[in-house]
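The values are calculated or read from the model by the stated rules, or taken from the named source; none is laboratory data. Since the structure is predicted, the reported quantities are computational estimates derived from the model, not experimental observations. Reconstructed Cβ throughout: ideal geometry from the backbone, glycine too, with neighbour counts over all protein chains shown. For accessibility, only protein heavy atoms count, side chains too; no ligands or nucleic acids. Shrake-Rupley method; radii C 1.70, N 1.55, O 1.52, S 1.80 Å.
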Amino acid sequence: MIRKILKGLTLTSCLMGTLFAADMNDLSKVEKWDKIGNGVWKTAVGDVSKEVLYSDFAGNPPKVTQLNKLSNLPMRKALRNLKYRVNEDGKVFVHIPTEPGEKVFGFGLQFDGTQKTGKIVELKVDHFNKGGGATHAPVPFYISSKGYGVFFNSSKYLKIYNMIGSRKDSKNNPPEVDRNPPADEPQPGRWQAVPKSDAVEAYVHAKGLEVVGFSGVDLQDVVVRYNLYSGGGAMPPMWGLGFWHRVPSKFNEAQTTKEIEDFKTHNIPLDVVGLEPGWQTKSYPCTFEWQKKRFAKPAEFSQKLLNDGLYLNLWINPYISKYAGIYDKMYPLSGSHMVWLGIVPDYMLPEARKTLMTQFKKDHFDIGISGYKIDEVDGYDFWLWPDHATFPSGTSAETMRQTYGMEMQQMLHKELYRKNNKRTYSLVRASNGAASNYPFVIYSDSYGHGQYITGLSSASLCGILWCPEIRNARNEREWINRMHTVCFAPMAMLNAWASGTKPWSFKNATDAVRRTIQLRMKLLPYLYTAFADYNQKGIPPVRSMLLETGNAGAQVVNQKRTLDSEKDPYADGFHQTVKEDNSLFMFGPNIMMAPFYNRDTKRDVLLPKGNWYDFYTGQFVGNDKKITVTAEELNDLPPLFVKEGSFVPMLKESINRTKDITGKELEVRFYGKENANYTLYEDDTKTYDFQNGKFMNRQFKAEKQADGTFKFTVSESGDKSQKIYGKVNFRQMTK
Ligand code: GAL
């Protein structure tokens, strides 16, 4: 009887094509990988013909020439063994085997750490604090400790099981252990509450996706290749690396002018002034039109600021008010649902892009507006359009959500700034994969100082720039510490939209704050060169220690927990967590920053292997050693350490506007005891002419002499008309 039923089942199921073995035999192997450049391959999995890919939004095509200057590595085993399946629900999953002890890191701007081994991430653009993968930039790219990276190039929601979810036919499953054995039955280990699997499995809400695989000689090399594949890193204008200040939302011209004057009185550098929503006639939803009651003559105001070397940045969200001049034109070009009662333009339509860019060009760009802060392109669900919303281009609501921040970046970058040969440095609150080339920095409404510091590390693993903006503090000490963090980030910005704070708001902290901002200004030649290396070579300008040392001080901790049927019902199992240390990060190629958290005035610094020198004194501080630093001994400046054999080119004197950088003398510091080279980058600081070879380099060389002193030399190459800085003064810091 049973056999009969089974037979019947098999027959009908086979006829319907639904019964399958439910094991690895049902998975398909990739037939063909296409090589993009050295160490980078892509393949289509399932049906991608109707899928929108993140790479469709990339700022530039892959930098193949640069990729091919890197070593020609073979494809790693994990990728060669990648398998996939189109499930019965029409959606795809991808299976990538992992080895015992392998670790995976990444998946975008994640505030809870970079290590994702043993975790499930649901990659969905969302507002802060959702955790579990949902974030402002949920980039579906991870790097593995085995020297490879995987980019799931799909604009749909993804759920990724990182070595979680054991398959029944896996040969590497942990042994089954009885959780409640009789006393006389020895077990092969402890019962595991969350057994590890031997693969990364990605389930994608799509019929198909592209998978891009990367090999690298080390973890940094994997990220470098991802950034080059994404078109090379962003290249901001020099002014974008100066100090930014966003004034309160309802500030008018007189108040903004007064604030700028106060910066001068306090002798504090300033390059960019950010206007928050109130510059428009209506906001939430927006008109993108000047509120003349606050800014009567915007063109004159902008010009006055430009004459003073200051650049205006405008806050917008993309949702259009019915009071906007372009509303009627945009109405048929927008989606079915509104956000804050504003229509949601479908920027997949060229007509919608053209309508917006025509207005932006005339009302903003042509009067000198330097860029935008694109707000609210992330979640929460109750703010954004629903998942069932429809858009006239036929793009799904899900893809729209995952790519809206990218669409805005692409449009502004390509169709406004690059088209008119002017660089922008702007802000956006959502981004995603293959976005490395966009000169947009992500920010958040969240404000945990620790999370903000972690963001610097996690962003660096996936071609994202992160701004741990300063808004407020509980006391002077926190104000100083947060100022340290933001001044050693890709963008140094005070966002006073609600707090009304100013750099001098905490009186007794003002000197320390000024010195910190001045230190960033002095470091501009070094930071600008780090960005040129990001653009041309794909090296992130601010980097996780994971990329520097191959491990971010992660420690495996065996947790001891107490069984409690209400609070911790699985506590009796074996629990291992990874304690990760993101409290150090690299600022440029040679400086390691060890920020003080919150209100701390003292901290431990675990110096990685290699000789490290004190940035301020040049003295040797240690090698693979734990030291303690205090705010007092550093005169309230941030703890900074420099690698063995490093040049750090700085301005000899600080400046209050980057426009004053031209011709300024350099103090080229040298740290350590070993020979070294460094290449300084110079160009016109604001256009894209560098792409046509209009840039120059100065090569510094340190050679040890017989008597132990160093001989320093400088040579120049490239287009010498692009010289920014004046005379070079070498300074040997380590005596
Ligand atoms: C928030 C944004 C803040 C500020 C504010 C203005 O959404 O994150 O930085 O711009 O809007 O209303």
**OP:** Considering each residue of the range 713-735, count those that are open to solvent by 60 Å² or more (accessible area, probe 1.4 Å) and part of a loop (DSSP other than H, G, I, E, B), and give that number.
**Re:** 3
**OP:** Kindly provide the set of residues from the range 520-538 that are in contact with a Pro (Cβ under 8 Å, 6 or more places away or on another chain), more than 14 Å from residue 240 (Cα to Cα) and surrounded by fewer than 23 Cβ atoms within 10 Å (Cβ to Cβ), ordered by number.
**Re:** 533
Original post:
(1) within 28 Å of the chain's Cα centre (by Cα); (2) assigned to a strand (DSSP E or B); (3) loosely packed, with under 15 Cβ neighbours inside 10 Å: which one isn't true of residue 609, the others all being true?
Top reply: (2)
Original post:
Within the range 289-299, can one find any residue that is assigned to a helix (DSSP H, G or I), among the hydrophobic types (A, V, I, L, M, F, W, C) and without any contact (Cβ under 8 Å) to a residue 40 or more places away in the chain?
Top reply: no
**OP:** Can you tell me which residue among 283, 302 is crowded, with 18+ Cβ neighbours inside 10 Å, hydroxyl-bearing (Ser, Thr, Tyr) and more than 16 Å from the ligand (Cβ to nearest atom)?
**Re:** 302
Original post:
Looking only at the range 206-252, which residues are within 16 Å of the ligand (Cβ to nearest atom) and assigned to a strand (DSSP E or B)?
Top reply: 244, 245, 246
Original post:
Could you say whether any residue in the range 190-197 is over 24 Å from the mean Cα position of the chain (by Cα), of a type outside the set (Ser, Thr, Tyr) and assigned to a strand (DSSP E or B)?
Top reply: yes
**OP:** Could you tell me whether the range 583-600 includes any residue that is out of contact with any helix residue (DSSP H, G or I) (no Cβ under 9 Å at 6 or more places or on another chain) and not hydrophobic (A, V, I, L, M, F, W, C)?
**Re:** no
**OP:** Scan the helices (runs of 4 or more DSSP H) fully inside the range 506-557 and keep the ones with 2 or more residues being under 24 Å from residue 668 (Cα atoms) and among the β-branched types (Val, Ile, Thr).
**Re:** 510-522
Original post:
What tally of residues in the range 272-322 results from selecting those that are of a type in the set (Gly, Ala, Ser) and out of contact with any helix residue (DSSP H, G or I) (no Cβ under 9 Å at 6 or more places or on another chain)?
Top reply: 2
**OP:** Determine which single condition residue 327 fails, assuming it passes every other condition in (1) touching a Leu at 6+ places or on another chain (Cβ under 9 Å); (2) open to solvent by 10 Å² or more (accessible area, probe 1.4 Å); (3) hydroxyl-bearing (Ser, Thr, Tyr).
**Re:** (1)
Subject >> Matching entry among 513, 486 (being crowded, with 18+ Cβ neighbours inside 10 Å, within 16 Å of the ligand (Cβ to nearest atom) and at pLDDT 95 or above) >> reply: 486
Original post:
Could you count how many residues in the range 630-652 are of a type in the set (A, V, I, L, M, F, W, C) and farther than 21 Å from residue 489 by Cα?
Top reply: 0
**OP:** Please give the number of the condition residue 311 fails out of (1) within 19 Å of residue 490 (Cα to Cα); (2) open to solvent by 10 Å² or more (accessible area, probe 1.4 Å); (3) within 16 Å of the ligand (Cβ to nearest atom).
**Re:** (3)
Original post:
Being open to solvent by 70 Å² or more (accessible area, probe 1.4 Å), in a strand (DSSP E or B) and out of contact with any Leu (no Cβ under 9 Å at 6 or more places or on another chain), is that true of even one residue in the range 587-601?
Top reply: no
Original post:
If you go through the range 667-689 one residue at a time, do you hit one that is exposed (fewer than 15 other Cβ atoms within 10 Å of the Cβ), out of contact with any strand residue (DSSP E or B) (no Cβ under 9 Å at 6 or more places or on another chain) and among the charged types (D, E, K, R)?
Top reply: yes
Original post:
Taking the stated definitions as given, is residue 708 at pLDDT below 95, surrounded by fewer than 16 Cβ atoms within 10 Å (Cβ to Cβ) and either out of contact with any helix residue (DSSP H, G or I) (no Cβ under 7 Å at 6 or more places or on another chain) or not in a strand (DSSP E or B) (or both)?
Top reply: yes
Subject >> Filter pass, residue 155 being open to solvent by less than 80 Å² (accessible area, probe 1.4 Å) and under 18 Å from residue 124 (Cβ atoms) >> reply: yes
Original post:
Which one is nearest to the ligand (Cβ to nearest atom), of the residues in the range 424-459 that are assigned to a helix (DSSP H, G or I) and open to solvent by 10 Å² or more (accessible area, probe 1.4 Å)?
Top reply: 451
**OP:** Among the numbered conditions (1) β-branched (Val, Ile, Thr); (2) at pLDDT 95 or above; (3) surrounded by fewer than 14 Cβ atoms within 10 Å (Cβ to Cβ), tell me where residue 648 comes up short.
**Re:** (3)
Original post:
Quick check, is residue 466 within 16 Å of the ligand (Cβ to nearest atom), within 21 Å of residue 546 (Cβ to Cβ) and touching a residue at least 12 places away in the same chain (Cβ under 8 Å)?
Top reply: yes
